[in-house]
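Peer 1: Take this structure first; my questions come after.
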Amino acid sequence: MKLVPLGDKVVLKQLVAEETTKSGIVLPGQAKEKPQQAEVVAVGPGGMVDGKEVTMQVKVGDKVIYSKYAGTEVKLDEEEFIVVKQNDIVAIVAD
Amino acid sequence: MKLVPLGDKVVLKQLVAEETTKSGIVLPGQAKEKPQQAEVVAVGPGGMVDGKEVTMQVKVGDKVIYSKYAGTEVKLDEEEFIVVKQNDIVAIVAD
Amino acid sequence: MKLVPLGDKVVLKQLVAEETTKSGIVLPGQAKEKPQQAEVVAVGPGGMVDGKEVTMQVKVGDKVIYSKYAGTEVKLDEEEFIVVKQNDIVAIVAD
Amino acid sequence: MKLVPLGDKVVLKQLVAEETTKSGIVLPGQAKEKPQQAEVVAVGPGGMVDGKEVTMQVKVGDKVIYSKYAGTEVKLDEEEFIVVKQNDIVAIVAD
Amino acid sequence: MKLVPLGDKVVLKQLVAEETTKSGIVLPGQAKEKPQQAEVVAVGPGGMVDGKEVTMQVKVGDKVIYSKYAGTEVKLDEEEFIVVKQNDIVAIVAD
Amino acid sequence: MKLVPLGDKVVLKQLVAEETTKSGIVLPGQAKEKPQQAEVVAVGPGGMVDGKEVTMQVKVGDKVIYSKYAGTEVKLDEEEFIVVKQNDIVAIVAD
Amino acid sequence: MKLVPLGDKVVLKQLVAEETTKSGIVLPGQAKEKPQQAEVVAVGPGGMVDGKEVTMQVKVGDKVIYSKYAGTEVKLDEEEFIVVKQNDIVAIVAD
């Protein structure tokens, strides 16, 4: 099963924050701060949304930062996703 | 009796969350989390809605995810439905 | 006396919820849940409303479902009506 | 002195609710429920209001129902009026 | 010094409510109710305001009724004025 | 250092309220009421702002009245400024 | 890693407020007032945003003042950034 977003919606998978100890061991995120980084899992077709033409600017695989409090949390097959409007994505994280 | 939605409205029937025990027995959902998955039961004609042209993108039988808190709950012949605007449907669940 | 709605307004008469006892006797609604079903009693002419062209899609006699909390309650000659904007009607109940 | 409403504004005079006793005597309204019926006393010219063309649809003498909480209460020469936007008038009461 | 309003703004001077005693003596207003009558002291040029063309319909000297809670109170040379948008003026008081 | 406002923004410097004692001595403002008079220090270029064409109508040196609660307070080199949208300026104070 | 803002978004790095003691020693900011000055780190491409054409007016390296409460705080590689819409930048600080 997969999520096919409508309009300007984008399906995100939150990235787990990782921490590296001084010895170099990577510990999966126990950070209390909810990380706002996520990976784009699916992108809507854009087009006419709420009377406005929207061109999609993110693509699957992009690492993005999205607005706190934005989006709809979805649980599918025990996995959690966040579906946001592209407008709630503020930046792409590039290498 | 059936519901015929107006404009960009979509009639949904919430899907019952199912849980499978380790022995393989399927138990109907006792989940406290209200599942946001629903099946599309009827689709409005779209067209001019609130001054904006809306094209309907979901069809009867689609399994969809809709925004929490969205929509009007309706009870008809002992069955419960949710009527939402298409814009409150964030994604279609595809196989 | 009757109500002639303006613009995109629709005059509704709430339908009394009925309950059938096992013996087949119909009891008028004592339901605590306010039924959202109503019958269309009068329909505004539509046209330019708040800068947007509105075409009326319901007609007198339609049984409809309307949004909770929407509308203006009106008492006229001891009868109670609800006047809503057509946009607050989410679906027509068809047989 | 009289009130000349601007734009899409309409001056209303609230109708006193009357009650007829069984003996046929008419008692002026002691109703606690504020009646929403009012008579149109003056009508603005309509035209361009807030960037939208408004055509006036009520006329002096019309008995109308207006939205609760709408309008500006005005006292002029010991008489009380309510000035509402035409859009806050939901229906005309016709005989 | 005087106030020159911008755009669709109108400078008002609140009229002091007067009370006439039975003996015919006029007492300056001790009314607790803040009167909403005011005299137009200066009128903005209108034109393009917030993307919408506004034509000014009041003129200096007009006695007007304005919306409660509207406007910016201004004190200039010990005199108090209220600056409102023309849209907050609901009616002109004519003789 | 100086502030160069963007779009329809205007940089203001609040004018200190002065009080003249009966002996004619001018005391710098100890007024508790925050004066809303300010001098225009810098004016944005106007143009397309939030999808609407804005023409700037104030100029550097103008004494203006601005809406209470409007604007962003800025401290630069120990001086305090308020940056407002031109629309929050209600009137120019002319001699 | 770096942040690539979308649409009309701008990535800012808050400037640390500095204080000079009387002896001339510069102390890094212990100011309780959160400084609103920031340096532009990255600028979105502008273009069609929410149905409106936006031209970017700030550039990387600009020192700017932005609206309090605006923007999304982002932590990337232990550095903190604020991503705001260009409209939340009220002025550029020029020398």
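Peer 1: Considering only residues of region F:43-56 that are buried (at least 21 other Cβ atoms within 10 Å of the Cβ) and out of contact with any Pro (no Cβ under 9 Å at 6 or more places or on another chain), which is farthest from G:GLN37 (Cα to Cα)?
Peer 2: F:VAL54
Peer 1: Checking the conditions here, which among G:LYS59, G:LYS68 is exposed (fewer than 14 other Cβ atoms within 10 Å of the Cβ), part of a loop (DSSP other than H, G, I, E, B) and either among the β-branched types (Val, Ile, Thr) or facing another protein chain (nearest Cβ under 7 Å) (or both)?
Peer 2: On the way: G:LYS59 fails: either among the β-branched types (Val, Ile, Thr) or facing another protein chain (nearest Cβ under 7 Å) (or both).
Going through G:LYS59, G:LYS68 in turn, the sole match is G:LYS68.
Peer 1: What about D:VAL90, is it surrounded by 14 or more Cβ atoms within 10 Å (Cβ to Cβ), within 12 Å of chain E (Cβ to nearest Cβ) and assigned to a strand (DSSP E or B)?
Peer 2: No.
Peer 1: Yes or no: region E:66-83 includes at least one residue that is among the aliphatic types (A, V, I, L, M) and within 23 Å of D:GLU53 (Cα to Cα). I'd like the intermediate steps shown before the answer.
Peer 2: Taking region E:66-83 first, the residues among the aliphatic types (A, V, I, L, M) are E:70, E:74, E:76, E:82-83.
Next, only the ones that are within 23 Å of D:GLU53 (Cα to Cα) stay: none.
The answer is no, given that none of the residues of region E:66-83 is among the aliphatic types (A, V, I, L, M) and within 23 Å of D:GLU53 (Cα to Cα).
Peer 1: Of the conditions (1) away from chain A (no Cβ under 14 Å); (2) under 30 Å from A:LYS59 (Cβ atoms); (3) at pLDDT below 90, G:LYS22 clears all except one; give me its number.
Peer 2: Of (1) away from chain A (no Cβ under 14 Å); (2) under 30 Å from A:LYS59 (Cβ atoms); (3) at pLDDT below 90, only one is false for G:LYS22: (2).
Peer 1: Then there is this: Here is a list: E:LYS32, E:LYS13, E:LYS75. Which entry is outside any strand (DSSP E or B) and either closer than 25 Å to D:VAL83 by Cα or at pLDDT below 95 (or both)?
Peer 2: E:LYS32
Peer 1: Now for a separate question. Within the group B:VAL40, B:VAL4, which residue is closer than 24 Å to C:GLN37 by Cβ, within 13 Å of chain A (Cβ to nearest Cβ) and at pLDDT 95 or above?
Peer 2: B:VAL40
Peer 1: Next question, about the same structure. For region G:42-63, enumerate the residues that are in contact (Cβ under 8 Å) with a residue 24 or more places away in the chain and farther than 20 Å from A:GLN57 by Cα.
Peer 2: G:GLN57, G:VAL58, G:ASP62, G:LYS63
Peer 1: Return yes or no: is D:PRO45 modelled with pLDDT of 60 or more and more than 18 Å from D:LEU76 (Cα to Cα)? Steps first, answer last, please.
Peer 2: Details: modelled with pLDDT of 60 or more: yes; more than 18 Å from D:LEU76 (Cα to Cα): yes.
Yes, satisfied.
Peer 1: For region E:43-56, enumerate the residues that are among the aliphatic types (A, V, I, L, M) and within 12 Å of chain F (Cβ to nearest Cβ).
Peer 2: Matches in region E:43-56: E:VAL43, E:MET48, E:VAL49.
Peer 1: May I ask you to list the residues in region E:41-56 that are part of a loop (DSSP other than H, G, I, E, B) and touching a Gly at 6+ places or on another chain (Cβ under 6 Å)? Walk me through it before giving the result.
Peer 2: Initially, region E:41-56 is screened for residues part of a loop (DSSP other than H, G, I, E, B), giving E:44-46, E:50-51, E:55-56.
Listed by number, the residues that qualify are E:GLY44, E:THR55, E:MET56.
Peer 1: Let me ask something else. Please go through region G:76-86 and give me each residue that is surrounded by fewer than 19 Cβ atoms within 10 Å (Cβ to Cβ) and at the interface with another protein chain (Cβ under 9 Å from one of its Cβ atoms), ordered by number.
Peer 2: First pass over region G:76-86, keeping only residues surrounded by fewer than 19 Cβ atoms within 10 Å (Cβ to Cβ): G:76-80.
Selection gives G:LEU76 alone.
The values are calculated or read from the model by the stated rules, or taken from the named source; none is laboratory data. Computed from a predicted model, the values in this text were never measured in an experiment. Positions of Cβ are generated from backbone atoms using ideal geometry, with glycine treated the same way; all protein chains shown enter the neighbour counts.
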